[in-house]
Structures are given as C-alpha cells and as structure tokens.
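See below for the structure under consideration.
The values are calculated or read from the model by the stated rules, or taken from the named source; none is laboratory data. Small disclaimer: the values here were computed from a predicted structure and weren't measured. We place every Cβ from the backbone using ideal geometry, glycine too, and count neighbours over all the protein chains shown. Just so you know, the surface numbers come from the protein's heavy atoms only, side chains and all, with ligands and any DNA or RNA stripped out. Shrake-Rupley method; radii C 1.70, N 1.55, O 1.52, S 1.80 Å.
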Amino acid sequence: MKKHKKLIAVFLTFAFLSLLQVSAMPLRADQTGTSLESPDKAPGFIEEEGYEPASAKKSIMPVILIGVGVAAVAALLFLVVLKTKYDITGTWKLTWQYQGDIQRSNDITFTGDKKSGSFKIGTASGTYTVDGKKAQWTYSSGQTVYTGEFTDKTHMSGTMTSYGTPGTWSAVKGGTTAAIGDPSLTGEAKSRK
C-alpha cells in the first residue's frame, strides 16, 4: 500500500477530473415521442394565459460529483498526509547535552518494529516505544529516559533525564559518528554528580 500512494493519488485525481468533465456535458433532450409533424399531439400546443411550462428535472450529477470529489480528497489526505508512519528502526546519530555539560554524540541503533523494540548505544542498551510522532527509550538501568518526537521521518529531538540530571537531545537517521561517550550518565558523567 505504501509503495502505491502516488499511483493511487494520480488515479483519484484523474477519476475526479474525468467525472467533472462528464458533468459539464449537456444532457440529452427528452424523447417523449412528440414530433413537429403532429403539433396537435404536442402537450400544451395551445398557449393558455398564465400557463407555466413544466420545470426541467434537476440533475443529480453535480451532487454525485461533489460527493466523489470530497471522498477523493479525504482519501488522498488520509493516504499521503495523515497516514505517515515514522520508522525508528535503524542507525541514528544521537547528539545530547546534559545541563552544564559539553555536547556529545554517538550512534544509536534501534531494532524491532515501528512501535517497540530494543536499542544499543556503545555498551549500553534498553527498550523503546513509538506512538505516532512520540518516541521514548529507557536504558536497562531504568535511570535514563529519553522522551521526544519526530520532526520529520529522519529527525527526532526531545529531552532526557539520567540519574536526576536533565538534558536535551536530537537525532538524525542514517548519520554515523565516532563514539564520544555514553549518554546514560554511566562512567564519566556519573562521577560528575
């Protein structure tokens, strides 16, 4: 389904424009069997005072076209815009900075599915969850928690807390970097406290 979003969008647009073209065409004249050869048989051939011709039936085609158009736009929005799924799996370049400390970065790899799984960064590991745009991961120690959200499909940012120390972070998917530290405040950062 994901691979065919553009094809579906083009098809829906083409279908809507085709129906719009059909609705603009004139309706065929009513063939009730009257002809010019026998004016006596034509209804209302003698004009009467105050006679109003029967009103033409209104076509339901514009209502149908508006309904199809609204449905097509709704489907297009749902398939392309609102149905965006964020995929956290893979390797990300994680950059973080605890309050009063220098900025550091390292690669973090998420394995699992788009909603939950595990991660590894250096020698540390833990679990993650994703709910729509929101992402959260917690180290195995339970003392370091990262919370944030996707800003687009390849960027995330947010805040974290480790052993009571707050900080901020950002991540770029596919980016790699040389390891400059462990963001779980184990080791060198723990000794700072």
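Which is in contact with a Ser or Thr (Cβ under 8 Å, 6 or more places away or on another chain) and not hydroxyl-bearing (Ser, Thr, Tyr), of GLY142, GLY100, GLY117, GLY122?
Details: GLY142 fails: in contact with a Ser or Thr (Cβ under 8 Å, 6 or more places away or on another chain); GLY100 fails: in contact with a Ser or Thr (Cβ under 8 Å, 6 or more places away or on another chain); GLY122 fails: in contact with a Ser or Thr (Cβ under 8 Å, 6 or more places away or on another chain).
Residue meeting the stated conditions: GLY117.
Can you tell me which residue within the range 137-146, out of those that are open to solvent by 60 Å² or more (accessible area, probe 1.4 Å) and either out of contact with any Phe, Trp or Tyr (no Cβ under 6 Å at 6 or more places or on another chain) or at pLDDT 95 or above (or both), is farthest from SER118 (Cα to Cα)?
Let us first name the residues in the range 137-146 that are open to solvent by 60 Å² or more (accessible area, probe 1.4 Å), namely 140-141, 143.
Filter once more, keeping what is either out of contact with any Phe, Trp or Tyr (no Cβ under 6 Å at 6 or more places or on another chain) or at pLDDT 95 or above (or both): 140-141.
Working: SER140: 10, SER141: 14 Å.
Per the stated criteria, the residue is SER141.
Being within 20 Å of ASP152 (Cβ to Cβ) and aromatic (Phe, Trp, Tyr), is that true of even one residue in the range 98-109?
No; the residues of the range 98-109 include none that is within 20 Å of ASP152 (Cβ to Cβ) and aromatic (Phe, Trp, Tyr).
Return the residues of the range 154-189 that are under 24 Å from the mean Cα position of the chain (by Cα) and at pLDDT 90 or above; say none if nothing qualifies.
Once the filter is applied, which keeps residues that are under 24 Å from the mean Cα position of the chain (by Cα) and at pLDDT 90 or above, the range 154-189 yields THR154, HIS155, MET156, SER157, GLY158, SER170, ALA171, VAL172, LYS173.
Restricting attention to the range 76-99, and to residues there that are of a type in the set (A, V, I, L, M) and either over 17 Å from THR151 (Cα atoms) or touching a strand residue (DSSP E or B) at 6+ places or on another chain (Cβ under 9 Å) (or both), which single residue is modelled with the lowest pLDDT? Don't jump to the end; show me each part of the working.
Of the range 76-99, the ones of a type in the set (A, V, I, L, M) are 76-77, 79-82, 88, 94.
Still in the list and also either over 17 Å from THR151 (Cα atoms) or touching a strand residue (DSSP E or B) at 6+ places or on another chain (Cβ under 9 Å) (or both): 76-77, 79, 88, 94.
On the way: LEU76: 73, LEU77: 70, LEU79: 66, ILE88: 92, LEU94: 95.
Here the answer is LEU79.
Touching a strand residue (DSSP E or B) at 6+ places or on another chain (Cβ under 8 Å) and under 15 Å from THR165 (Cα atoms): does that describe GLN136? Working first, answer last.
On the way: touching a strand residue (DSSP E or B) at 6+ places or on another chain (Cβ under 8 Å): yes; under 15 Å from THR165 (Cα atoms): no.
Against the criterion (touching a strand residue (DSSP E or B) at 6+ places or on another chain (Cβ under 8 Å) and under 15 Å from THR165 (Cα atoms)), GLN136 does not qualify.
Any residue in the range 152-174 that's more than 14 Å from ARG104 (Cα to Cα) and aromatic (Phe, Trp, Tyr): show its pairings with residues that are open to solvent by less than 60 Å² (accessible area, probe 1.4 Å) and in a loop (DSSP other than H, G, I, E, B) at Cβ separation under 8 Å, as long as the two are six or more apart or on different chains.
Taking only residues 6 or more apart or on different chains, the pairs are TYR163/LEU185.
Collect the residues in the range 123-133 that are more than 17 Å from TYR163 (Cβ to Cβ) and of a type outside the set (S, T, N, Q), keeping them in residue-number order.
TYR128, VAL130, ASP131, GLY132, LYS133, listed by residue number.
So, of the residues in the range 84-124 that are aliphatic (A, V, I, L, M) and either part of a strand (DSSP E or B) or surrounded by 14 or more Cβ atoms within 10 Å (Cβ to Cβ) (or both), which turns out to be nearest to the chain's Cα centre (by Cα)? Talk me through it step by step, then tell me what you get.
If we filter the range 84-124 for residues that are aliphatic (A, V, I, L, M), which is where we start, we get 88, 94, 102, 108, 121, 124.
Narrowing further to those that are either part of a strand (DSSP E or B) or surrounded by 14 or more Cβ atoms within 10 Å (Cβ to Cβ) (or both): 88, 94, 108, 121, 124.
On the way: ILE88: 16, LEU94: 25, ILE108: 26, ILE121: 30, ALA124: 33 Å.
Step by step, filter the range 84-124, then rank; the result is ILE88.
Is it the case that the range 100-115 has a residue that's at pLDDT below 90 and under 21 Å from GLY164 (Cα atoms)?
Yes, there is a match, as at least one residue in the range 100-115 is at pLDDT below 90 and under 21 Å from GLY164 (Cα atoms).
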